[in-house]
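Presented below is the structure to which this report refers.
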Amino acid sequence: MRQDTPRGRQLRALLRTLYGDIQEKELPRILFLSALLCCIIGGFWLLDSLKDTVLATTVGLQYQPKAKLLSVVVTLFVVSGYTTLVRRIKHKPTLFYIIGGAYTCIFIVIGGLLAHETIGMRNTTPDPRRLVGWFSYFAVESYGSLMVALFWAFTNASVDADTAESSYGLVVAFAQLGAVGGSALATQARSLHISFLYVLGGCSCALVCGMVALFKKVFAEEVVDEPRRVASAVDEDEEDDAPPPPPPAKTSTLFDGLSLIVKHSYVFNLLMISTLYEIVLTVLDFEMKIIGRAQYGSDARGAEEFARLMGQFGILVNSVSFLFSLVAFSFVVRKLGVRTTLTVFPALCLGATLIAYGFPSLWTLFIATALLKALTYSLNEPALEMLYLPTSNDIKFKAKAWIDVVGARTAKALGSAINDAVQSSPGLRTSLPQYGNVPTFVVSLALLGVALNMGRRYDAVRESGEVVGEAADTVPGGYELVSPGPRNEGPWRRNLERLDSLDDEEPDGADFGDDSPEDPRIV
């Protein structure tokens, strides 16, 4: 039996203050999921720190707003493929294998093209007809959105609100270590070469696939004698009853997620609070990069120095994000509550736009944008993920894909449209930070209003015990959202079995999770 020392008691008291009560047996799963997200985010930040340099060298940085606009069209095709996979793949971790394997090949091919004498980075003459720059940009943008959305959909399907409040900050904190590492690698673009770093990014995608396979092997639950029903509304004393007949099979389509957003006002508000801030960040980020690129020049050495600046930007963003996630997120959300926490980031967006308007220098924009992005990853996005907890799994997988991929890309496209409008006007081009930040200030005000409304609706749904978008009758073999009875094991333990059992028991042609009757929604 372990001796309870004063130092041990102090450490446990500190952990309880920062994270609440996390059971020791849950820690291995939480840490493994942290490592998985760490790998995803690390590979993304390595590539994301380089994609603007590749675009600027091959196509021209002035085409970045158009690239973001076109990325909306690209993401529609990506979401179409993702929805098809979600509908047809029975073994849900296979989604990681297919998507991760595809991006492994894509980034390795791009790395090879960038090493080419005329196609790649050695040719420093920008030309919009150089397709490798466009292809690289779209691939990095879609990878970051899709893989992160898939991770959180996978995680949210098996976590209750109390566990999320305690563990999400820890998951994000350790994930940011990968982001710091990826950004640090990007600063070595001059010695390692951008083409080789793209190949490393592709290898990180392959590593994600291996980690998911290992997670399934290590944390899969032991086989039990009798099959269990995992429907959330079933009591233990009803286990011997015959299961109800399955509902008629429904045909899923690409637009199932969009229809859920339109149908439920809670989900529509979730769309708004999850995307409006992207407009603000897109404008501020572009202003910083335009000023920075002009300062370093457009030759090969300038491209390397600009890549180094973006790497330093990534290090600052992810270092601040790591520290805040590690020591502050769980504490803040438990002390302030989700409702108040949701309003913090919109208020900071208001302040950042005012600062950028009044002091539009490179380093002012560098610091303001870095801090906003850091708090996006460590405060805002983990809080937004908690808003999915009282929702059905159709919403977690289908609607979330539309929100995180199509919705986010559309918001970035709107921000790019602002940048493009200012850049295209000779009278406004020289004052991009001033004129560009007027609409972003208005958007920040709207975001603050949506956050206030969303906090009220989230509290109302939590208090009522409703599950937004859930049908009155639970489909046999459906996901367990929150177990109504006492848990004998951590909520992370059974997520793979829940995902597998969902499709193993459903009728042919049926989609996992049915569209549900209308419920109140929060954003």
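The values are calculated or read from the model by the stated rules, or taken from the named source; none is laboratory data. Please read all numbers here as calculations on a predicted model, not as lab measurements. No Cβ is skipped: glycine too gets one built from the backbone with ideal geometry, and neighbour counts run over all protein chains shown.
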Conditions (1) β-branched (Val, Ile, Thr); (2) assigned to a helix (DSSP H, G or I); (3) at pLDDT below 80; (4) over 25 Å from Asn380 (Cα atoms); number of the one not met by Val224
(2)
As an exercise: evaluate Ser232 against (1) among the small types (Gly, Ala, Ser); (2) surrounded by fewer than 23 Cβ atoms within 10 Å (Cβ to Cβ); (3) at pLDDT below 85; (4) assigned to a helix (DSSP H, G or I) and give the number of the one condition it does not meet.
(4)
Tell me, yes or no, whether the stretch 245-268 has at least one residue that is assigned to a helix (DSSP H, G or I), under 24 Å from Gly465 (Cβ atoms), at pLDDT below 55 and of a type outside the set (Gly, Ala, Ser).
no
Taking the stretch 314-332 and keeping only residues that are small (Gly, Ala, Ser), within 13 Å of Val172 (Cβ to Cβ) and out of contact with any Ser or Thr (no Cβ under 8 Å at 6 or more places or on another chain), one is left with none
Conditions (1) modelled with pLDDT under 85; (2) not in a helix (DSSP H, G or I) -> Val79 fails only (2)
Which numbered condition in (1) closer than 17 Å to Cys205 by Cβ; (2) of a type outside the set (S, T, N, Q); (3) at pLDDT below 90 is the only one that Phe107 fails?
(3)
Pair list, Cβ < 6 Å and 6+ apart or interchain, from the stretch 91-107 residues that are touching a residue at least 12 places away in the same chain (Cβ under 8 Å) to residues that are surrounded by fewer than 17 Cβ atoms within 10 Å (Cβ to Cβ) and not in a helix (DSSP H, G or I):
Leu95/Ile89
When the stretch 11-26 is checked residue by residue, the ones that are assigned to a helix (DSSP H, G or I), of a type in the set (A, V, I, L, M) and either modelled with pLDDT under 65 or in contact with a helix residue (DSSP H, G or I) (Cβ under 9 Å, 6 or more places away or on another chain) (or both) are Leu11, Leu14, Leu15, Leu18
Would you point out the residue of the stretch 385-400, among those that are among the hydrophobic types (A, V, I, L, M, F, W, C) and either at pLDDT 90 or above or not in a helix (DSSP H, G or I) (or both), that is nearest to Val467 (Cα to Cα)?
Leu389
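Yes/no matrix, rows are residues, columns are (1) modelled with pLDDT of 75 or more; (2) within 30 Å of Gln312 (Cβ to Cβ); (3) in contact with a Gly (Cβ under 9 Å, 6 or more places away or on another chain); (4) not in a helix (DSSP H, G or I):
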residue: Arg9; (1), (2), (3), (4): no, no, no, no
residue: Leu31; (1), (2), (3), (4): yes, yes, no, no
residue: Cys39; (1), (2), (3), (4): yes, yes, yes, no
residue: Leu47; (1), (2), (3), (4): yes, yes, yes, no
residue: Thr53; (1), (2), (3), (4): yes, yes, no, no
residue: Leu70; (1), (2), (3), (4): yes, yes, no, no
Index of the failed condition, Phe322 passing every other in (1) under 21 Å from Trp45 (Cβ atoms); (2) surrounded by fewer than 22 Cβ atoms within 10 Å (Cβ to Cβ); (3) modelled with pLDDT of 80 or more
(2)
Please go through the stretch 52-88 and give me each residue that is surrounded by fewer than 23 Cβ atoms within 10 Å (Cβ to Cβ), in contact (Cβ under 8 Å) with a residue 12 or more places away in the chain and aromatic (Phe, Trp, Tyr), ordered by number.
Tyr63
Test Leu371 against the criterion of being surrounded by 21 or more Cβ atoms within 10 Å (Cβ to Cβ) and either over 23 Å from Ala460 (Cα atoms) or at pLDDT 85 or above (or both), and give yes or no.
no
For Lys373, state whether it is charged (D, E, K, R), closer than 25 Å to Val438 by Cα and assigned to a helix (DSSP H, G or I).
yes
For Ile110, state whether it is in contact with a Ser or Thr (Cβ under 7 Å, 6 or more places away or on another chain) and surrounded by 21 or more Cβ atoms within 10 Å (Cβ to Cβ).
yes
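Take the residues in the stretch 338-359 that are surrounded by fewer than 21 Cβ atoms within 10 Å (Cβ to Cβ) and in contact (Cβ under 8 Å) with a residue 40 or more places away in the chain, then tell me which one is farthest from Val171 (Cα to Cα).
Within the stretch 338-359, the match that is farthest from Val171 (Cα to Cα) is Tyr357.
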Would you please list the contacts, defined by Cβ atoms under 9 Å and residues six or more apart or on different chains, that run from a residue in the stretch 20-46 that is among the basic types (Lys, Arg) to a residue that is at pLDDT below 85 and part of a loop (DSSP other than H, G, I, E, B)?
Lys25/Glu489; Lys25/Gly490; Lys25/Arg493; Arg29/Gly490; Arg29/Pro491; Arg29/Trp492; Arg29/Arg493
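Would you say Leu146 is closer than 18 Å to Asp394 by Cα, of a type outside the set (Ser, Thr, Tyr) and at pLDDT 75 or above?
Considered against the rule, which asks whether it is closer than 18 Å to Asp394 by Cα, of a type outside the set (Ser, Thr, Tyr) and at pLDDT 75 or above, Leu146 comes out as yes.
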Within the stretch 193-206, can one find any residue that is surrounded by 22 or more Cβ atoms within 10 Å (Cβ to Cβ), of a type in the set (S, T, N, Q) and farther than 30 Å from Arg334 by Cα?
yes
